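Undergrad: Before anything else, here's the structure in question.
The values are calculated or read from the model by the stated rules, or taken from the named source; none is laboratory data. Quick caveat, the model's predicted, so the values are computed rather than measured. FYI the Cβ positions are ideal-geometry reconstructions off the backbone, even for glycines, and counts take in every protein chain you see.
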Amino acid sequence: MIVNTELEQKGNLFPSRIIKFQKDVDTLYFYTENNVVLQLTVLRDSVLRFRYTTTGTFENDFSYAITKYASTGYNKLEITENDDFYTIITSKLKCEVSKKDGRVTIYDVLTDQIINQDEIGFHWEESYEFGGNIVKMSKTVNERESYFGLGDKPEHLNLKGKRFQNWVTDSYAFGKHTDPIYKAIPFFTGLHHGKAYGIFFDNTFRSYFDFGQERRNVTSFWAQGGEMNYYFIYGPKMETVVENYTDLTGKPHQLPPLWALGFHQCKWSYYPEAEVKAITSKFRELQIPCDAIYLDIDYMDGFRCFTWNKDYFPDPKRMVKELADDGFKTVAIIDPGIKIDPEYSVFKEALDKDYFCKRADGPYMKGKVWPGECFFPDFTKPEVRDWWSGLFKELVEDIGIQGVWNDMNEPAVMEVPNKTFPDDVRHDYDGNPCSHRKAHNVYGMQMARATYHGMKKFNYPKRPFVITRAAYSGTQRYTSTWTGDNVATWEHLWIANVQAQRMAMSGFSFAGSDIGGFAEQPQGELFTRWIQLGIFHPFCRVHSSGDHGDQEPWAFDEDVTDVVRKFIEIRYQLLPYLYTAFWNLVEHGTPILKSLVMYDQEDSQTHYRTDEFMYGNQILVCPIQEPNAKGRRMYIPRGTWYNFWTDEVVQGGKEKWVDAEIDSMPIFIKEGAIIPKYPKQQYVDEKVIDEITLDVYYKKGKESSQLFDDAHDGYDYTKGRYSFRTFKLTGKSNELILQQHKEGKYEATFKTFKLNIHGLPFEIKEIQLDNETISIEHLKVDGTIAMVVDKKFTEIHLIGA
Ligand code: GLC
């Protein structure tokens with residue numbers, strides 16, 4: 001009989017005393033008696049990387065998440081030592097490493113305030129089943145600390161008191177609290193004492209985060225393999241944390257084409273061709289703006305990727321061209337499962353070239369998806385990704401598909417309990433061979449990456465557009481995303497709202513939900529309220545399974561159609577504003593949606609709000625999320641705001657009832673904002689824009705606004721052919737001054753700005769345009785004051801008596 005085996009005694013293991021320290025430029029090594037090494041790299045003054053090994057040697061340093069474009073470099077690096085600690089000082093942080101046990105404490109160097117502190121810190125358990133370690137980290141929860149982020153969790157925005165898992169999972173009809181679902185983004189932001197920091201745990205194994213659930217004063221994270229490898233990112237502004245995380249894991253590689261920011265219509269599935277045409281024609285007939293129409297799996301021949309069902313679509317190239325002539329881009333779905341069919345060229349080629357994933361003992365990984373039994377390309381192998389990219393030649397270059405939709409790439413497998421590959425499946429992992437335990441969370445990301453490269457190549461000189469369901473940190477470099485198979489319920493409207501905000505604060509702004517719900521069918525009222533929210537999401541698409549009826553804007557009653565049209569028109573009018581927000585995302589990693597806590601982290605009222613959010617920098621939105629509502633209570637953040645519909649001025653810093661009948665929703669504009677608007681269009685670039693409206697909201701004081709413009713597609717903007725305008729507004733009690741500064745070489749088509757002045761507290765007696773007095777007859781006063789000026793103006797003074 002075996003009693004008290006060693007196995008039973010094994011549990012948590014800890015680093016012992018540090019006995020040696022070494023510095024190699026920006027990287028510090030701390031060696032303990034028991035062979036643990038902490039490798040601490042100073043990436044920037046505010047970004048530190050912590051990496052631990054328990055064997056004395058590190059694994060090959062390879063990450064799919066970290067981009068080669070990440071910024072590095074610091075202003076200051078000082079290391080001192082006393083009996084108890086090593087102390088590392090940068091211009092932003094002070095970091096102490098305890099000699100006794102390697103525990104770490106990080107301070108704001110300016111205030112000496114603790115920002116983040118190891119509780120027991122790094123520890124581990126040996127994994128007897130698989131080898132290697134279960135690596136763990138525990139941190140002390142600070143007083144009134146809140147936690148945000150983690151990608152697509154359908155949970156309250158503030159994660160405090162909860163535990164989560166990261167393992168990308170096909171989650172049809174998931175619900176509030178379902179965990180995990182489609183994405184694995186092991187990055188969170190902590191906020192306490194008005195200061196925010198982030199932790200990105202770059203480990204692709206199944207990982208867990210516990211924000212004070214198990215023990216109220218401890219936040220911990222761990223993974224079922226790999227290394228304890230995390231980045232600490234200091235703000236202290238939440239927005240800066242997210243920008244720095246995005247810098248590390250990548251901004252989108254280019255701007256989306258402007259059409260991709262229009263409205264998209266999708267269904268599983270529109271076919272045959274006549275049905276697709278009937279849908280697109282109806283949009284034009286009813287004058288509901290729309291830019292993209294989707295082909296779901298039924299366009300294929302027996303669900304074989306890169307084929308067409310010729311009965312339904314006899315001449316796809318002609319159809320795609322006709323749709324394009326009518327202002328529609330065609331987006332087609334491509335799944336990872338390749339049908340086992342020796343007659344099918346894609347299957348044959350991948351088999352010949354040995355591109356399919358295999359089980360540990362040799363056989364191919366076989367699983368059922370839509371086409372029946374399939375094999376699956378190993379997208380973690382560079383050669384396979386290249387091959388996959390090449391498969392898009394015909395679809396994109398020849399047929400003219402403008403967007404590719406990658407689905408089921410968790411990878412989803414049907415009729416098996418774990419919904420995906422078994423753990424033993426082997427992957428190349430870019431030359432670091434491993435099992436599915438390690439590659440699972442990046443499989444979909446690598447598929448989307450390969451798709452992106454194919455799209456980019458064959459669509460050149462136009463920009464690629466890709467959408468993916470599965471994602472790991474960094475996927476935002478290549479593609480947009482949606483939140484998967486939701487349900488047509490009011491609760492899911494709430495979920496869609498928090499998910500889009502959470503994705504934005506997890507570095508992945510280009511996201512949206514299946515508007516109206518994928519499963520089941522919404523009532524007209526729910527559909528309307530969902531459209532109202534959806535037009536403020538960076539990705540705006542109606543999609544449904546089609547099992548329960550139609551979900552086009554006209555599928556309900558006429559009132560619904562009218563309200564839906566009105567809101568989609570607002571999206572199209574605000575396109576220059578949204579495009580400017582995308583420019584800030586691509587340039588600086590600035591999230592497009594900002595939850596109130598990110599907008600004003602110092603106001604503790606915002607820390608537990610979920611519904612209200614900022615769309616870009618200056619528009620505050622709050623969806624109606626309940627039936628039969630005539631309005632709602634909402635929190636208006638500190639500052640002064642204009643009601644978008646009525647121009648009523650409201651003071652923030654409090655909750656307020658806001659009227660919103662079914663044809664309205666709470667929208668507020670920050671005072672001093674200058675909001676650029678296009679005329680209504682049925683699709684992007686339908687019209688040559690010759691005038692942009694600027695809605696100017698008077699403020700006593702200063703505010704600055706921006707407007708980015710370029711050719712709306714292509715890469716010229718990367719060579720300086722863009723225009724970036726900064727507008728400075730200065731309001732006094734009897735004067736309003738607008739100044740414009742333009743950067744960039746692009747000459748836009750528009751010639752004039754039409755200024756609509758809101759809330760001016762004085763009567764205009766004199767107007768000076770670039771130092772010349774012009775007649776006030778130029779003013780139109782019908783509710784708002786409006787005037788048309790040359791787009792090149794540099795300074796306008798509106799002067800009162
Ligand atoms: C999955 C997708 C859904 C798609 C369907 C058929 O359920 O999430 O969007 O319509 O597959 O392709």
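Undergrad: So, of the residues in the range 789-801 that are in a strand (DSSP E or B) and not aliphatic (A, V, I, L, M), which turns out to be surrounded by the most Cβ atoms within 10 Å (Cβ to Cβ)? Don't jump to the end; show me each part of the working.
TA: Filtering the range 789-801 for residues in a strand (DSSP E or B) gives 789-790, 795-800.
Now drop any that are not not aliphatic (A, V, I, L, M), which leaves 790, 795, 797, 800.
On the way: ASP790: 10, GLU795: 13, HIS797: 18, GLY800: 15.
The extreme case among them is HIS797.
Undergrad: Additional query: What helices (runs of 4 or more DSSP H) completely inside the range 527-620 contain at least 1 residues that are at pLDDT 95 or above and in contact with a His (Cβ under 7 Å, 6 or more places away or on another chain)?
TA: Those helices (runs of 4 or more DSSP H) span 596-599.
Undergrad: Right, next: Considering (1) out of contact with any helix residue (DSSP H, G or I) (no Cβ under 7 Å at 6 or more places or on another chain); (2) surrounded by fewer than 20 Cβ atoms within 10 Å (Cβ to Cβ), say which one HIS588 fails and leave the rest.
TA: Here HIS588 meets the rest and fails (1).
Undergrad: Shifting gears a bit: Tell me which residues, restricted to the range 476-502, are buried (at least 24 other Cβ atoms within 10 Å of the Cβ) and away from the ligand (no atom under 16 Å from the Cβ).
TA: GLN476, TYR478, LEU493, ASN497, ALA500, GLN501, ARG502
Undergrad: Another question about this same structure. Which condition from (1) more than 16 Å from the ligand (Cβ to nearest atom); (2) farther than 29 Å from HIS712 by Cα is the one that LEU286 breaks?
TA: Checking LEU286 against (1) more than 16 Å from the ligand (Cβ to nearest atom); (2) farther than 29 Å from HIS712 by Cα, the one that fails is (2).
Undergrad: Kindly indicate which of ASP315, ASP354, ASP341 is under 30 Å from PRO289 (Cβ atoms), over 32 Å from the mean Cα position of the chain (by Cα) and modelled with pLDDT of 95 or more. Give the steps one after another, and end with the answer.
TA: Details: ASP354 fails: under 30 Å from PRO289 (Cβ atoms); ASP341 fails: under 30 Å from PRO289 (Cβ atoms).
Of the residues listed, the single one that is under 30 Å from PRO289 (Cβ atoms), over 32 Å from the mean Cα position of the chain (by Cα) and modelled with pLDDT of 95 or more is ASP315.
Undergrad: Quick one: count up the residues across the range 456-474 that are of a type outside the set (Phe, Trp, Tyr), under 28 Å from ARG426 (Cβ atoms) and more than 16 Å from the ligand (Cβ to nearest atom). Break it down into steps so the answer makes sense when it comes.
TA: Step one: of the range 456-474, the residues of a type outside the set (Phe, Trp, Tyr) are 456-457, 459, 461-464, 466-471, 473-474.
With the extra rule that they be under 28 Å from ARG426 (Cβ atoms), the set shrinks to 466, 468-471, 473-474.
Filter again for more than 16 Å from the ligand (Cβ to nearest atom), leaving 473-474.
Of the residues in the range 456-474, 2 are of a type outside the set (Phe, Trp, Tyr), under 28 Å from ARG426 (Cβ atoms) and more than 16 Å from the ligand (Cβ to nearest atom).
Undergrad: If you check every pair at least six apart or on different chains, which have Cβ atoms under 7 Å apart with a residue in the range 52-71 that is free of Cβ contacts under 8 Å to residues at least 40 places away in the same chain first and a residue that is surrounded by 13 or more Cβ atoms within 10 Å (Cβ to Cβ) second?
TA: Note: pairs meeting the criteria are THR55/ASN35; GLY56/ASN35; GLY56/VAL37.
Undergrad: Residue by residue through the range 520-530, note down the ones that are in contact with a strand residue (DSSP E or B) (Cβ under 6 Å, 6 or more places away or on another chain) and at negative phi.
TA: TRP530
Undergrad: Out of the residues in the range 258-283 meeting the condition of being more than 16 Å from the ligand (Cβ to nearest atom) and either among the polar types (S, T, N, Q) or free of Cβ contacts under 8 Å to residues at least 40 places away in the same chain (or both), tell me which one is nearest to LYS329 (Cα to Cα).
TA: Looking at the filtered set, the residue picked out is THR280.
Undergrad: Among the candidates GLY720, GLY714, single out the residue that is exposed (fewer than 15 other Cβ atoms within 10 Å of the Cβ) and either of a type in the set (Asp, Glu) or out of contact with any helix residue (DSSP H, G or I) (no Cβ under 6 Å at 6 or more places or on another chain) (or both).
TA: Only one candidate passes the filter, namely GLY720.
Undergrad: Another question, then. Need at least 2 residues that are at pLDDT below 95 per element, so show me which strands (runs of 3 or more DSSP E) inside the range 734-788 make the cut, counting only ones lying wholly within it.
TA: Details: elements: 735-743, 752-758, 764-769, 772-774, 780-782.
Counting at least 2 such residues, we get 764-769, 772-774, 780-782.
Undergrad: Among the residues of the range 522-552, count how many are among the basic types (Lys, Arg) and away from the ligand (no atom under 16 Å from the Cβ).
TA: 1
Undergrad: Contact list please: Cβ distance under 6 Å, first residue in the range 117-140 and at positive phi, second residue among the basic types (Lys, Arg) and not in a loop (DSSP other than H, G, I, E, B), pairs at least six apart or on different chains.
TA: As it stands, the answer is none, since no pair meets every condition given.
Undergrad: Please indicate, with yes or no, whether at least one residue in the range 513-521 is away from the ligand (no atom under 16 Å from the Cβ) and outside any strand (DSSP E or B). Give the derivation first.
TA: At the first step, the residues of the range 513-521 found to be away from the ligand (no atom under 16 Å from the Cβ) are none.
Scanning the range 513-521 turns up no residue that is away from the ligand (no atom under 16 Å from the Cβ) and outside any strand (DSSP E or B).
Undergrad: ALA70 fails exactly one of the following numbered conditions: (1) in a strand (DSSP E or B); (2) within 16 Å of THR249 (Cβ to Cβ). What is the number of that condition?
TA: Tallying (1) in a strand (DSSP E or B); (2) within 16 Å of THR249 (Cβ to Cβ), ALA70 fails exactly one: (1).
Undergrad: ARG638 is checked against (1) among the charged types (D, E, K, R); (2) without any contact (Cβ under 8 Å) to a residue 60 or more places away in the chain; (3) assigned to a strand (DSSP E or B) and fails just one. What number does that condition carry?
TA: Every condition holds for ARG638 apart from (3).
Undergrad: Touching a residue at least 24 places away in the same chain (Cβ under 8 Å) and over 33 Å from the mean Cα position of the chain (by Cα) - does that describe any residue in the range 710-725?
TA: no
Undergrad: Please give the strands (runs of 3 or more DSSP E) falling wholly within the range 150-211 in which 3 or more residues are closer than 18 Å to PHE232 by Cα.
TA: It comes to 187-192, 195-201, 207-211.
To keep it simple, each residue is scored yes or no on (1) of a type in the set (Gly, Ala, Ser); (2) outside any helix (DSSP H, G or I); (3) surrounded by fewer than 20 Cβ atoms within 10 Å (Cβ to Cβ); (4) without any contact (Cβ under 8 Å) to a residue 24 or more places away in the chain.
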{"site": "ARG385", "(1), (2), (3), (4)": "no, no, no, no"}
{"site": "TYR429", "(1), (2), (3), (4)": "no, yes, no, no"}
{"site": "ALA448", "(1), (2), (3), (4)": "yes, no, no, no"}
{"site": "PRO461", "(1), (2), (3), (4)": "no, yes, yes, no"}
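Undergrad: Might you check whether a residue that is surrounded by fewer than 23 Cβ atoms within 10 Å (Cβ to Cβ), of a type in the set (A, V, I, L, M) and touching a Pro at 6+ places or on another chain (Cβ under 6 Å) occurs anywhere in the range 248-269?
TA: No, the range 248-269 has no match at all.
Undergrad: Considering only residues that are more than 16 Å from GLU129 (Cα to Cα) and either of a type in the set (Val, Ile, Thr) or in contact (Cβ under 8 Å) with a residue 40 or more places away in the chain (or both), which ones fall in the range 432-442?
TA: Once the filter is applied, which keeps residues that are more than 16 Å from GLU129 (Cα to Cα) and either of a type in the set (Val, Ile, Thr) or in contact (Cβ under 8 Å) with a residue 40 or more places away in the chain (or both), the range 432-442 yields ASN432, ALA439, HIS440, ASN441, VAL442.
Undergrad: Is it true that some residue in the range 232-241 is part of a loop (DSSP other than H, G, I, E, B), more than 16 Å from the ligand (Cβ to nearest atom), within 16 Å of the chain's Cα centre (by Cα) and not charged (D, E, K, R)?
TA: No, the range 232-241 contains no residue that is part of a loop (DSSP other than H, G, I, E, B), more than 16 Å from the ligand (Cβ to nearest atom), within 16 Å of the chain's Cα centre (by Cα) and not charged (D, E, K, R).
Undergrad: Can you pull out every residue in the range 276-303 that is charged (D, E, K, R) and either buried (at least 21 other Cβ atoms within 10 Å of the Cβ) or touching a Ser or Thr at 6+ places or on another chain (Cβ under 9 Å) (or both)?
TA: Residues of the range 276-303 that are charged (D, E, K, R), as a first pass: 277, 282, 284-285, 291, 296, 298, 301.
Correct list: ASP291, ASP296, ASP298, ASP301.
Undergrad: Any residue at all in the range 434-443 that's part of a strand (DSSP E or B), in contact with a Phe, Trp or Tyr (Cβ under 6 Å, 6 or more places away or on another chain) and not small (Gly, Ala, Ser)?
TA: No: the range 434-443 contains no residue that is part of a strand (DSSP E or B), in contact with a Phe, Trp or Tyr (Cβ under 6 Å, 6 or more places away or on another chain) and not small (Gly, Ala, Ser).
Undergrad: Still on this model: Looking at the range 380-430, which of its residues are charged (D, E, K, R), within 16 Å of the ligand (Cβ to nearest atom) and more than 26 Å from the chain's Cα centre (by Cα)?
TA: Once the filter is applied, which keeps residues that are charged (D, E, K, R), within 16 Å of the ligand (Cβ to nearest atom) and more than 26 Å from the chain's Cα centre (by Cα), the range 380-430 yields only GLU415.
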